[in-house]
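Written below as structure tokens is the structure these notes are about.
The values are calculated or read from the model by the stated rules, or taken from the named source; none is laboratory data. Keep in mind the model is a prediction, meaning the values are calculated, not measured. Positions of Cβ are generated from backbone atoms using ideal geometry, with glycine treated the same way; all protein chains shown enter the neighbour counts.
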Amino acid sequence: MNLKKHTPTLVAAAVATVLLAGFGVTSISIAGMEKGGPAPLAPLGLPPIPPDNLQTPAKIELGKLLFFDPRVGGDASTGCSTCHEPDQGWAWAEDFSRGYPGTVHWRNSQTIINSAYFPRQFWAGSASSNEKQAKSAAKGGVAGNGEDDLMEARLALIPEYRKRFKEVFGTEWPHIFDVWHAISAFERSMVQRDTPMDKYLQGDKRALSEEAVRGKSLFEGKAGCIQCHNGALTSDTDFHNIGIPPNVRWEEDGLAQITFRFEQYAKGQTEEGYRTAKSDWGFYYRGKNKWDRGKFRTAPIRYVKYTAPYMHNGVFYTLEEVVDFYDRGGFDEDGRTTDFPENKSPLIKPLGLTDEEKSDLIAFLEAYSGEEILMEKPELPEYAPLFTKAQLEAAQEAK
Amino acid sequence: MGVLVTTGRTILAATIGLGMALGVQASGYPDIGPLPQLKTNAAKAELGKRLFFDRRISGDAGISCADCHMPDNGYAHPDALSPGYPGNGHFRNSASLINTAHKNVWNWDGRIGTNLNDMTREMLTEDYIMNMDMRIMQERAKQDPVYVQMFKDAGYGEPSNGSVRKAIPEYLKTLTSRNAPFDTGKMSDSAKRGMALFKGKGGCMQCHNGSLVTDLKAHNTGVPENFDVFLDPMNHQAFVAFTMFQGIPDYMNLKRDPGYYNVTLEEQDMGKFVTPSLRELKYTAPYMHNGMIASLPEVVEFYNNGGGKDSRKSDMVKPLNLSGQEKKDLVAFLEALSGDPLTGSGFVWSEEYPAEYPVIENWRQVRN
């Protein structure tokens, strides 16, 4: 695999231009259902940039360092990139993400590629921006498990960070709040807009294979995928119960059982819910409505070539398994489905796909992934003492 | 960005001020007497013991209470500055836990004046100490059948973070001095002479009095700063995080441990520390809040010189003009305040902890 050097600064410059040109351009990319049918598939525009966190090359570069720096976390072992590994699709290639040391996560690690487009982040939409997402990722007990004061203290003792924060944010000392800003700016540069499908939609008819073109028709027609996977993002950004069965690992792994119960607790389950839950209730945890049990955000089809395993709990390791699951109408090969069949979307039903249709569909899904985005881990700046011995001696004298 | 906890500061300051007002002897200071053993519930203390030595009650399962409070070192740590949670260092000497259950104010700066339950929570949850999300701790305990049984036997029912914070203090109550020559009446002649100096010429009783040999009040004795707090960024980051969280003004430029100032935010309290107990010193070197004094003879030398340099130093600390023999006698007395080591199986958990959490069988059928 050739290491493609990603150049975030270029994207940043492009974004800045668009900002000057006008904000409206960006909004089409996240349009949901339109009147009269799902939003048509479209090439991906630029991600929306919040006016209080504009992109600059220096900010993106700082965000990149912070994203790769495990000192942004509890015991300085687990940073963002620890669970969002560039060569694992900027995610983690196991069903459940690895956790903070001593724990395992309870959900699949999502890729950060294109996360910038999502108005609600995480599988169940619990964060409303990249900024808020980064904060809760760095602090969550089974994720970064960091605390603001210690993370901020660490950055203050790294001269290179002091310099960069001052340059980018104008502060004398790094502020934790700005850490989330910088990381978000970096994430907003991590988008992929040149997939074969984007090229195809822009008029390059040779960008898709014949198979993929047939797959596209299935996606938009017989297979009905477009009802949820639509628009430029290939996601309506809404929440659905498609019948994903609970991960059997919860029945077999003591560490996973610990996290499972912790999450019920942490997400504000009722006592009875805590005692009886045996699967991830998903979007339910947001509004505590029983009709939301087992709903998750429509995952984008983009970049999936690199992000196996799939679904919120990583139950499927290949796209073949995913397509078979949909073909059976939302059941896995053992006939298992969601714990909440009453909430299952009526849009999910047996499809009667032939083997050829299945492989066409998969060819199409893969056309939504461009080249693998790889990035060398940056060299991280080092700590240095803030005071000299002479300064300390003078302070001692002055006591 | 620290959360400024102003409420409680004044209350805490008042509590410390009360100190030990009872049992004042003729000289004006409560006499040094024996320490009673505390009544404990055996099942609860046994549970507390297992928890105390268990690394799984820290965030990354990497550090236990006993890693900083080591039995062989009088439940303190032999390094001048305590270790910290993995990923950072610390800025103070680890405090001995022997007799800590007899106190009513905790930490070198006296910032906790309620009870050992709060003290235990502080140790568990502070990011630079154990960084434990107690909800995870609780679920870990529920996943270990040994704990499930022990919590039940202790009368706590199901494991919970609340009962962890009760069981550990119950264990700490078992860590009371035993058989110190001072208590058994078997002091050497040198130690007896040292005691007279301690109460008289040495002036030590002014602050080190009562059965714990401390007035539990804060004083400035001018102990020099330990520069390693600031020169080693691992320690300094813990110091910055601490002072930031406590709301100490200008914490980034601070070049000294504020001590009791942290409790009152009054300038005059800068550099004061709560008088430590002088029991079990034999095991707990090095000494002082920052481990700056390596041995007892050096501590005595420090006091003989009238303490350290600080414009706010207590008037009660002044040059003593002790002779060589007097210094030795004073040290002999300090040593006579140390009893048997609390290192036997009654105090130390020695069974292995399971390497993995066993799975709960029939998971889908049983209640969580």
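Could you tell me which numbered condition A:Leu361 fails, if it satisfies all but one of (1) surrounded by 19 or more Cβ atoms within 10 Å (Cβ to Cβ); (2) within 14 Å of chain B (Cβ to nearest Cβ)? The failed condition is (2). Evaluation of B:Val223 against the conditions (1) away from every other protein chain (no Cβ under 14 Å); (2) part of a loop (DSSP other than H, G, I, E, B); (3) closer than 21 Å to B:Val299 by Cα shows that the sole unmet condition is (1).
To keep it simple, each residue is scored yes or no on (1) within 22 Å of the chain's Cα centre (by Cα); (2) surrounded by fewer than 23 Cβ atoms within 10 Å (Cβ to Cβ).
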{"site": "B:Ser188", "(1), (2)": "no, yes"}
{"site": "B:Gly202", "(1), (2)": "no, no"}
{"site": "B:Gln206", "(1), (2)": "yes, yes"}
{"site": "B:Gly210", "(1), (2)": "yes, no"}
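Specify the residue that is surrounded by the most Cβ atoms within 10 Å (Cβ to Cβ); the eligible residues are those in the range A:109-136 that are in a helix (DSSP H, G or I) and under 9 Å from the mean Cα position of the chain (by Cα). Spell out the reasoning first.
Narrowing the range A:109-136 to residues in a helix (DSSP H, G or I): A:115-117, A:130-136.
Now drop any that are not under 9 Å from the mean Cα position of the chain (by Cα), which leaves A:115-116.
On the way: A:Ser115: 21, A:Ala116: 23.
For the range A:109-136, the residue satisfying everything is A:Ala116.
Considering the conditions (1) more than 14 Å from every other protein chain (Cβ to nearest Cβ); (2) within 29 Å of B:Asn88 (Cβ to Cβ), B:Ala241 is excluded by exactly one of them, (1).
Of the helices (runs of 4 or more DSSP H) entirely within the range A:141-258, none holds at least 3 residues that are modelled with pLDDT under 95 and surrounded by 22 or more Cβ atoms within 10 Å (Cβ to Cβ). From the list A:Glu371, A:Glu321, A:Glu376, A:Glu356, the lone residue that is of a type in the set (Asp, Glu), at pLDDT 95 or above, under 30 Å from B:Gly87 (Cα atoms) and surrounded by fewer than 20 Cβ atoms within 10 Å (Cβ to Cβ) is A:Glu376. Within the range A:379-397, the set of residues being closer than 15 Å to B:Val229 by Cα, in contact (Cβ under 8 Å) with a residue 40 or more places away in the chain and among the hydrophobic types (A, V, I, L, M, F, W, C) comprises A:Ala384, A:Leu386. The residues of the range A:265-280 that are part of a helix (DSSP H, G or I) and either surrounded by fewer than 17 Cβ atoms within 10 Å (Cβ to Cβ) or within 7 Å of chain B (Cβ to nearest Cβ) (or both), listed by number, are A:Tyr265, A:Ala266, A:Glu271, A:Glu272, A:Tyr274, A:Arg275, A:Thr276.
Every listed requirement among (1) away from every other protein chain (no Cβ under 14 Å); (2) over 23 Å from B:Gly344 (Cβ atoms); (3) buried (at least 23 other Cβ atoms within 10 Å of the Cβ) is met by B:Ile168 save one, (2).
So if I check each of B:Lys192, B:Lys186, B:Lys217, which one is charged (D, E, K, R), without any contact (Cβ under 8 Å) to a residue 60 or more places away in the chain and more than 14 Å from chain A (Cβ to nearest Cβ)?
Values: B:Lys192 fails: without any contact (Cβ under 8 Å) to a residue 60 or more places away in the chain; B:Lys217 fails: without any contact (Cβ under 8 Å) to a residue 60 or more places away in the chain.
Only one candidate passes the filter, namely B:Lys186.
Could you please give the count of residues in the range A:34-65 that are part of a loop (DSSP other than H, G, I, E, B) and either free of Cβ contacts under 8 Å to residues at least 24 places away in the same chain or at positive phi (or both)? Show your work before the answer.
Filtering the range A:34-65 for residues part of a loop (DSSP other than H, G, I, E, B) gives A:35-36, A:38-56.
When the remaining residues are screened for being either free of Cβ contacts under 8 Å to residues at least 24 places away in the same chain or at positive phi (or both), the result is A:35-36, A:51-52.
Residues flagged as part of a loop (DSSP other than H, G, I, E, B) and either free of Cβ contacts under 8 Å to residues at least 24 places away in the same chain or at positive phi (or both) within the range A:34-65 amount to 4.
Confirm whether A:Arg120 is more than 28 Å from B:Met134 (Cβ to Cβ) and free of Cβ contacts under 8 Å to residues at least 40 places away in the same chain. Spell out how you get there, then give the answer.
Working: more than 28 Å from B:Met134 (Cβ to Cβ): yes; free of Cβ contacts under 8 Å to residues at least 40 places away in the same chain: no.
So A:Arg120 fails the test.
B:Arg312 - would you say it is assigned to a loop (DSSP other than H, G, I, E, B), touching a helix residue (DSSP H, G or I) at 6+ places or on another chain (Cβ under 7 Å) and either more than 19 Å from B:Phe182 (Cβ to Cβ) or of a type outside the set (A, V, I, L, M) (or both)? Outline the logic, then answer.
Values: assigned to a loop (DSSP other than H, G, I, E, B): yes; touching a helix residue (DSSP H, G or I) at 6+ places or on another chain (Cβ under 7 Å): yes; either more than 19 Å from B:Phe182 (Cβ to Cβ) or of a type outside the set (A, V, I, L, M) (or both): yes.
Judged against the criteria, B:Arg312 is a match.
For the condition free of Cβ contacts under 8 Å to residues at least 40 places away in the same chain, outside the structural domain of A:Trp106 (by TED's automatic domain parsing) and more than 21 Å from the chain's Cα centre (by Cα), A:Arg249 does not qualify. In the range A:379-399, the residue that is surrounded by the most Cβ atoms within 10 Å (Cβ to Cβ) out of those that are part of a helix (DSSP H, G or I) and of a type in the set (Asp, Glu) is A:Glu393. Of all residues in the range A:107-123, exactly one satisfies the criterion of being farther than 17 Å from A:Leu233 by Cα and in contact with a helix residue (DSSP H, G or I) (Cβ under 7 Å, 6 or more places away or on another chain), namely A:Ser109. How many residues does the range A:239-264 contain that are more than 14 Å from chain B (Cβ to nearest Cβ) and touching a strand residue (DSSP E or B) at 6+ places or on another chain (Cβ under 7 Å)? The total comes to 3.
Is at least one residue of the range A:43-51 modelled with pLDDT of 95 or more and farther than 23 Å from A:Asp194 by Cβ?
Pass one, the range A:43-51, residues modelled with pLDDT of 95 or more: A:43-51.
In the following step, the residues that additionally are farther than 23 Å from A:Asp194 by Cβ were identified as A:50-51.
For the range A:43-51, residues modelled with pLDDT of 95 or more and farther than 23 Å from A:Asp194 by Cβ: present.
Only one of B:Asn362, B:Asn290 is within 14 Å of chain A (Cβ to nearest Cβ) and within 30 Å of A:Lys278 (Cβ to Cβ). Can you tell me which? Of B:Asn362, B:Asn290, the one residue that is within 14 Å of chain A (Cβ to nearest Cβ) and within 30 Å of A:Lys278 (Cβ to Cβ) is B:Asn362.
What residue, of A:Ser136, A:Ser128, A:Ser115, is more than 8 Å from chain B (Cβ to nearest Cβ), in contact (Cβ under 8 Å) with a residue 60 or more places away in the chain and not acidic (Asp, Glu)? Step through it out loud before you land on a result.
Numbers: A:Ser136 fails: in contact (Cβ under 8 Å) with a residue 60 or more places away in the chain; A:Ser128 fails: in contact (Cβ under 8 Å) with a residue 60 or more places away in the chain.
Testing whether each residue is more than 8 Å from chain B (Cβ to nearest Cβ), in contact (Cβ under 8 Å) with a residue 60 or more places away in the chain and not acidic (Asp, Glu) leaves just A:Ser115.
Can you tell me which residue is farthest from the chain's Cα centre (by Cα) among those in the range B:57-71 that are part of a helix (DSSP H, G or I) and buried (at least 23 other Cβ atoms within 10 Å of the Cβ)?
Here is the first cut: in the range B:57-71, the ones part of a helix (DSSP H, G or I) are B:57, B:65-68, B:71.
Subset that is buried (at least 23 other Cβ atoms within 10 Å of the Cβ): B:57, B:65, B:68.
Values: B:Ile57: 19, B:Cys65: 12, B:Cys68: 10 Å.
Among them, the one singled out is B:Ile57.
Looking only at residues that are within 7 Å of another protein chain (Cβ to nearest Cβ) and not aliphatic (A, V, I, L, M) in the range A:139-151, which one is farthest from A:Ile176 (Cα to Cα)? Within the range A:139-151, the match that is farthest from A:Ile176 (Cα to Cα) is A:Gly141. When the range A:97-108 is filtered for residues that are within 11 Å of A:Cys83 (Cβ to Cβ), crowded, with 24+ Cβ neighbours inside 10 Å and either among the hydrophobic types (A, V, I, L, M, F, W, C) or under 12 Å from the mean Cα position of the chain (by Cα) (or both), only A:Asn108 remains. Screening the range B:107-211 for helices (runs of 4 or more DSSP H) wholly inside it with 1 or more residues that are modelled with pLDDT of 95 or more and aliphatic (A, V, I, L, M) returns the ranges B:116-125, B:134-142, B:145-153, B:161-173, B:189-199.
Name the single residue that is surrounded by the most Cβ atoms within 10 Å (Cβ to Cβ) among those in the range B:86-110 being within 15 Å of B:Ala76 (Cβ to Cβ) and among the aromatic types (Phe, Trp, Tyr). By that ranking, first place goes to B:Trp106.
Do you know which residues across the range B:107-127 are among the hydrophobic types (A, V, I, L, M, F, W, C) and more than 16 Å from B:Leu175 (Cβ to Cβ)?
Within the range B:107-127, the subset among the hydrophobic types (A, V, I, L, M, F, W, C) is B:108, B:112, B:116, B:119, B:123-124.
Listed by number, the residues that qualify are B:Trp108, B:Ile112, B:Leu124.
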